[in-house]
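First up is the structure itself, then whatever we jot down about it.
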Amino acid sequence: MFDVIRIPAFKDNYIWLLRQDMRAAVIDPGDASPVLEVLRREKLELSSILITHHHQDHQGGIDGLLACFPSAKVFAPARESVTGTSAPLRGGERIRLAGLDGELRVIAVPGHTLGHLAYYGEGCLFCGDTLFAGGCGRLFEGTPREMAESLVCLAALPDETKVYCAHEYTEANLRFALAVEPGNRALRRRADEVAVLRAKDLPTVPSTLAVEKATNPFLRCREPEVIAAARARGVTENDPVAVFAALREWKNEF
Ligand code: ZN
Ligand code: FE
């Protein structure tokens, strides 16, 4: 079983490094240098690079990593343009990473981008910019229906699943969540805990799916308080996709 190491990058990105013995895999290396630093310090050999989607802050470091580890395999969405892709994926595959035990399930989660993938295995979910702690990604390419269905699909994983998203956006996400559901006690508690962590500059990721299902409004589009908030913003049906779309638009201008 692998360990997961957090590598902060840019302003608020997280690059996740999976390590077992002396082998490593890395997810969404937007920048090579902080990853190379960890690999050198820990004397690890990089065997695999996994990409969730094509945005530069998720794939910008591939070239630099391949320059040092030319045999690393690059797993990436088949329908997106990603540097050095050697294993194009569409979702539904099960992949093994050289040197790491266990397999990862590849899940297609269109919405933020059309080819966006999530990787799930060993109780860990690496979901890029689809599901965030307390929120979800913007709809740059997909429709609200696609994103809503992608989130439903992730929410169906076990409650104890650890959610490793690609950005530290939790505090702002929970401010929005509280505007949607001011009466959600679990959400209030979480917002307080997150404020304490962030004041000390500590990370709030990973969270768990149980926490997300209790507090993330984008996973709660069937809850009466969330539906009521969407209705107050002009939604006329209880359709969870319409509720989701209204929340996502509201968040864009929040
Ligand atoms: Zn992105
Ligand atoms: Fe991103």
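The values are calculated or read from the model by the stated rules, or taken from the named source; none is laboratory data. Because the structure is predicted, anything quoted here is derived from the model rather than measured. Glycine gets a Cβ as well: all are built from the backbone with ideal geometry, and neighbour counts include every protein chain shown. Only protein heavy atoms, including side chains, enter the accessible area calculation; ligands, DNA and RNA are left aside. Shrake-Rupley method; radii C 1.70, N 1.55, O 1.52, S 1.80 Å.
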Among L65, L17, L50, L39, the single one that is under 15 Å from the mean Cα position of the chain (by Cα), closer than 23 Å to E168 by Cβ and away from ligand 1 (no atom under 16 Å from the Cβ) is L17
Condition met for T204 (in a loop (DSSP other than H, G, I, E, B) and in contact with a Gly (Cβ under 9 Å, 6 or more places away or on another chain)): yes
Pairs needed: first member in the stretch 218-238, over 16 Å from A177 (Cα atoms); second member anywhere, not in a helix (DSSP H, G or I); C-beta distance under 9 Å; at least 6 residues apart or different chains. N238/R222
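Taking the residues in the stretch 121-137 that are of a type outside the set (G, A, S) and either open to solvent by 10 Å² or more (accessible area, probe 1.4 Å) or within 15 Å of ligand 1 (Cβ to nearest atom) (or both) as candidates, determine which candidate is nearest to F244 (Cα to Cα). So that I can check it myself, show each step before the final result.
Step one: of the stretch 121-137, the residues of a type outside the set (G, A, S) are 122, 124-127, 129-132, 136.
Going one step further and asking which of them are either open to solvent by 10 Å² or more (accessible area, probe 1.4 Å) or within 15 Å of ligand 1 (Cβ to nearest atom) (or both), we end up with 122, 126-127, 129-132, 136.
Details: E122: 29, F126: 22, C127: 19, D129: 16, T130: 14, L131: 13, F132: 15, C136: 10 Å.
Here the residue is C136.
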Of the conditions (1) in a loop (DSSP other than H, G, I, E, B); (2) touching a residue at least 12 places away in the same chain (Cβ under 8 Å), P182 clears all except one; give me its number. (2)
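Grab the strands (runs of 3 or more DSSP E) fully contained in the stretch 1-96, keeping just those with 2 or more residues being aliphatic (A, V, I, L, M).
Qualifying strands (runs of 3 or more DSSP E): 3-9, 13-20, 23-27, 45-50, 73-77, 87-89.
Select from the stretch 138-176 the residues that are of a type in the set (S, T, N, Q) and within 16 Å of ligand 2 (Cβ to nearest atom) and write down the one among them that is surrounded by the most Cβ atoms within 10 Å (Cβ to Cβ).
Only one residue tops the list, namely T170.
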Would you confirm whether or not the stretch 242-251 contains a residue that is under 25 Å from E160 (Cβ atoms), modelled with pLDDT of 95 or more and acidic (D, E)? no
